[in-house]
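S.K.: Below you'll find the structure I mean.
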């Protein structure tokens, strides 16, 4: 819950919380522009809006995101820990009605990202390097017997328990995937390896929810025609 409810803008964008609109991710703090983010983990309680930033299991700061002064404390923390120049003007933003109104996604559409672990394994073997699936930051990881099976689902519907989704787009990978999630170092140029070996930079798919519900670890994915 609360996935992409908040974002940290790194530019003076004209974001109206009452009338939110889509902005490209380079306007926000993300691995694509700030590799040091991978050094930190967060815990977030949607009910209380309490957010903690941790490193190696140690809590470094805890703030209430509904409190203006505590949000400023978090911004100051980020300037310092991430070595960000103040010219980038960090700000923590959220739509007035949260994710019921707007989520800060890679796409204008409200989507869920899927990664096929079999595809990641096949890709790893092809280039001779171990690739952590966490590089792709999927909402849902799954395994199939066929690598790249997810591309066959494009423009088709998937069913997970009672949830029905439509696969709408392949996921074009950017420089964020080159960051090692364990070391925060750009050590494998994922887009280049994809392009050189497959002629494209796609890995994973986006799907939009047609019928909502609850899904659990271990649920099966059914392809609907």
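S.K.: Just round it to a whole percent: the fraction of Cα-Cα distances in the stretch 6-100 exceeding 21 Å.
M.R.: 32
S.K.: Order 109-119, 187-197 from most to least packed using the mean count of other Cβ atoms within 10 Å.
M.R.: 109-119, 187-197
S.K.: Right, next: How far is helix 117-127 tilted off the main Cα axis of the chain, in degrees rounded to 10, range 0 to 90?
M.R.: Once rounded, one gets 80 degrees.
S.K.: Restricting attention to the alpha-carbon atoms of the stretch 112-224, what are Rg (one decimal) and Dmax (integer), both in Å?
M.R.: Final numbers for Rg and Dmax: 14.3, 40 Å.
S.K.: Using a/c under 1.5 as the rounded threshold, could you call the stretch 137-179 rounded, prolate or oblate? The axes a ≥ b ≥ c are square roots of the C-alpha gyration tensor eigenvalues, and prolate needs a/b larger than b/c, oblate otherwise.
M.R.: The shape class here is prolate.
S.K.: As I understand it, the value is the acute angle between the Cα axis of helix 68-81 and the longest principal axis of the Cα atoms of the chain; what does it come to in degrees, rounded to 10?
M.R.: 70
S.K.: Mean separation of Cα pairs under 8 Å and 6+ residues apart, divided by the residue count of the chain: what relative contact order is that in percent?
M.R.: The value is 21 percent.
S.K.: Two decimals, Cα atoms only, Kirkwood Rh: what is Rg/Rh over the chain?
M.R.: 0.97
Every number here is computed from the coordinates shown, using simple stated rules; none is lab data. Keep in mind that this is a model prediction, so the values were computed, not measured. For neighbour counting, all protein chains shown are included, and Cβ atoms are generated from backbone atoms with ideal geometry for every residue, glycine included.
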